Amino acid sequence: ELKQEFTRTLRADNPHAPQNIVRYSFKEGEYKLVDYMDQTAIHFSLNGNLIPKDSDEGRRQSIRSNIEAEKAPVETSVETSEEAETKDKEHTGDTEAAGEGEGEGETTVEAPEAAETVEAPEAEEPPPSKAPEKKLPNQFNFIERASMTPINPLRERGCQSEPIPSKNFSANVNQWDIYDAYVEELQKMEKAKEKEKSKPQTIKVEEEKRGGRKLSHVEPQHIEPITRVARAAKIAERMVTLNTFDDIAQDFKYFEDASDEFRGQQGTLLPLWNFQYEKTKKLAVTAISWNPKYKDLFGVGYGSYDFMKQGHGMVLLYSLKNPSFPEYMFSSNSGVMCLDFSSEHPHLMAVGFYDGNVATYDLRKATSQPTHKSSAGSGKHTEPVWQVKWQKDDMDNNSNFFSVSSDGRIVSWTLVKNELVHMDVIKLSVDGTMQGPEGLQLQSLACGTSFDFHKKIDYLFLVGTEEGKIYKCSKNYSSQFLDVFEAHHMAVDTISWNPYHLKVFISCSSDWTVKIWDHTIKTPMFVYDLSCAVGDVAWSPYSSTVFAAVTTDGKAHVFDLNINKYEPLCSQLVVTRKKNKTTHIQFNPVYPIIIVGDERGLITSLKLSPNLRKMPKEKKGQEVKKGPEVEMAKLEKLLSLVREPESK
């Protein structure tokens, strides 16, 4: 163990140097991480004022000090010689006086001594005093040299705001007031219990199933302050998100793809906002519908098309003004399969579920529970509800909507007070019967997957089925069909009447095709093979010849029959991840954008480039006619080229 070696690598890095220092960059206008940190560790530092003798400045200063020292000895030697002369004169005067008093003989003997004494001071001159050595100061020391720099003027920035209005409140509370408050609360609770008793039995059973917390009528007092702030908070949130997504908002409003001029007839889709909510990431988008009144508001249904992965569902309502968070949220125990807004009452929304139930939600009410919901006792479907459509109010001004399901029933639902009244409009019976147990003959029903009502003829509607057939039906006949189209080889996913032409409708299917029909002719007018299962198709609101479709390979296709009858003007990949399928597509009724939903719960909004929404060019001296008649004539002209001479 003692012989074991431990290698330790010593590096020139300072272990105590911080690694996460940020400094504000005025160039980029944000805080930036400092990449390089100084690794030098200083153990001792001292500001000195000495300079080395060998340096240039040291030599210069030593020469200067020597010159000063040489000047000083010359002055001192002059002073000493003058002092010596005065001393000699005094000395000679003394000796003469002594010689006169003593005699001549003595003077001759002492004369040489006197001469020696005169010469002595000259011989014994003191050596020149050395000048004290000066220290060589460092000329660059900040103490001895100074520099003037302009002083930055101090700046003050302030803002004034009006003081918040304050009110003084005071009240006296005694025992009787407390007692009265308790009595008032008890009375409110008793009234709430009475209302509970007066509710129909079906609504009570539904509430018990939900197991939700019952809200007493006392609680809104606590919620009230929040609701006061809610509107202001929503506006502030929209302002913040508008600033955050400002570049997308600018593109939405003003950007027109200039490169369309060089593409010929081809167009592009510009991605705008993405709408996604954390709780719906594992759910597929099963329905999309725009609100008929508020053109920026749309509803999205979330569920699952996979039979083995059924769970909860959600309905979210998003606004283009706030893509970061939904405006309304409704959750359900079963997956949502379809939804639709009422055109006469835009606050009402009908929803169909995977378990066969239908429900209506009122957006004006603050509750997240449906105002009406079907149940097993009130004629709910036995299979998933694939589509719901609102109709005009009936003779008694009651709102009503229709639903289609895989159980082969098309049901009319009427909102009467607190309950949904159902009525079977038609059963999609197929020719022939099935052999049941014990030789029982069972009537087989076609599985309805989609339907659409005629825009002008109130009683006429079309139904698409899983077998690929399209039935033309009437509300007045519950037992037979007006016509049957052998449309597709697989399930009809979507069927839709043209908004301008009264005879034309479009259908799409999982057999890779999109077909355009004249309901008076059994064969399709146009057939498009998109080489992948088609999930949804939609007519554009601005042109009778433009439609868009989405396929399960994640692409969106936009066609304009007026420009190209054979190929799409744009086929663009919308989803980024592999194995992600696009499920639904819808045009905005006003703005030139489409929204696409996929299997991961993501809604993508895309802007159509100018080539995809071309309008007829204005000729000199002629006004371009606009309106439904022009759009209808445009499509009729195309159909007349395709129709057989007999059917014209």
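The values are calculated or read from the model by the stated rules, or taken from the named source; none is laboratory data. Nothing here was measured: the structure is a model prediction, and the numbers come from that model. FYI the Cβ positions are ideal-geometry reconstructions off the backbone, even for glycines, and counts take in every protein chain you see. All accessible areas refer to the heavy atoms of the entire protein, side chains included, with ligands and DNA or RNA removed. Shrake-Rupley method; radii C 1.70, N 1.55, O 1.52, S 1.80 Å.
Each Lys or Arg adds one and each Asp or Glu takes one away; over the other residues whose Cβ falls under 13 Å from the Cβ of R238, this sums to -1. Measuring only protein heavy atoms, the 1.4 Å probe finds Y361 accessible over about 10 Å². Distant-in-sequence amide contacts of S429, defined by a placed amide H-H separation under 5 Å and a gap of 5 or more residues or a different chain, comprise A446.
Averaging the Cα positions of each part gives two centres, and for segment 29-50 and segment 348-407 these lie 72 Å apart. Database remark: amide H of T371 closer than 5 angstrom to the amide H of T360, Y361, D362 (H placed geometrically; neighbours at sequence offset of 5 or more, or on other chains; Pro and chain starts carry no H).
With a 1.4 Å probe and all protein chains left in place, how much of the accessible area of segment 1-72 comes from carbon and sulfur atoms, in whole percent?
Working: 3890 of 7470 Å².
On segment 1-72, the fraction of accessible area on carbon and sulfur atoms equals 52 percent.
Stretching S571 away from E1 to a fully extended chain increases their span by 197.9 nm, per 0.36 nm per residue minus the current alpha-carbon distance. Of the residues K555, K53, the one with the largest accessible area comes first in the ranking K53, K555, computed with a 1.4 Å probe on protein heavy atoms. Net length available on complete extension from Y31 to M490 is 159.4 nm, with 0.36 nm assigned per residue and the Cα-Cα distance removed. Modelled this way, with points 7 Å down the Cα-to-C-beta line, the labels at A376 and S640 are 6.0 nm from one another. Computed from phi, the 3J(HN,Hα) profile of segment 606-612 under the Karplus parametrisation 6.51, -1.76, 1.60 (θ = phi - 60°) reads 9, 9, 6, 6, x, 5, 8 Hz, with x in place of Gly and Pro. Accessible surface for L530 stands near 20 Å², nearest 10, in the context of the full protein assembly shown (1.4 Å probe).
Please tell me the relative contact order of segment 260-615 in percent, rounded to the nearest whole number, where contacts are Cα pairs under 8 Å and at least six residues apart.
On the way: 982 pairs, mean separation 51.2, N = 356.
Over segment 260-615, the number comes to 14 percent.
Carbon-plus-sulfur accessible fraction, segment 260-615 (probe radius 1.4 Å, protein heavy atoms only): 50%.
How long is the gain from D458 to L186 if the chain were fully straight, where each residue apart is worth 0.36 nm and the alpha carbon distance is subtracted?
Working: separation 272, 0.36 × 272 = 97.92 nm, distance 5.33 nm.
Result: 92.6 nm gained on full extension.
Taking H as built 1.01 Å from N, whose amide H comes closer than 5 Å to the amide H of D598, not counting residues under 5 places away? Under 5 Å from the amide H of D598 lie the amide H atoms of V285, T583, each far enough along the sequence or on another chain.
Coupling constants for segment 448-455 follow from the phi torsions by the Karplus curve (6.51 cos²θ - 1.76 cosθ + 1.60, θ = phi - 60°), and in residue order they are x, 10, 7, 7, 7, 9, 5, 6 Hz; glycine and proline get x. The heavy atoms of I151 present about 150 square angstrom of accessible area, all protein chains included, probe 1.4 Å.
Please give the net charge around F402, taking every other residue with its beta carbon less than 14 angstrom from that of F402, where Lys and Arg add +1 and Asp and Glu add -1.
Neighbourhood net charge equals -1.
Ordering T9, T268 by accessible area with a probe of 1.4 Å, largest first, what comes out? Working shown, then result.
Values: T9 115, T268 30 Å².
Greatest to least solvent exposure: T9, T268.
Give K188/K417; K555/K578; K373/K417; K234/K417; K455/K565; K522/K637 a once-over and call out the pairs whose C-alpha atoms are over 22 Å from each other.
Correct reply: K188/K417; K234/K417; K455/K565.
Evaluating 6.51 cos²θ - 1.76 cosθ + 1.60 at θ = phi - 60° for every residue in segment 518-523, the Karplus couplings come out as 9, 5, 8, 10, 6, 9 Hz, glycine and proline recorded as x. Rolling a 1.4 angstrom probe over the protein heavy atoms with all chains in place gives segment 249-359 an accessible area of 45 Å² per residue.
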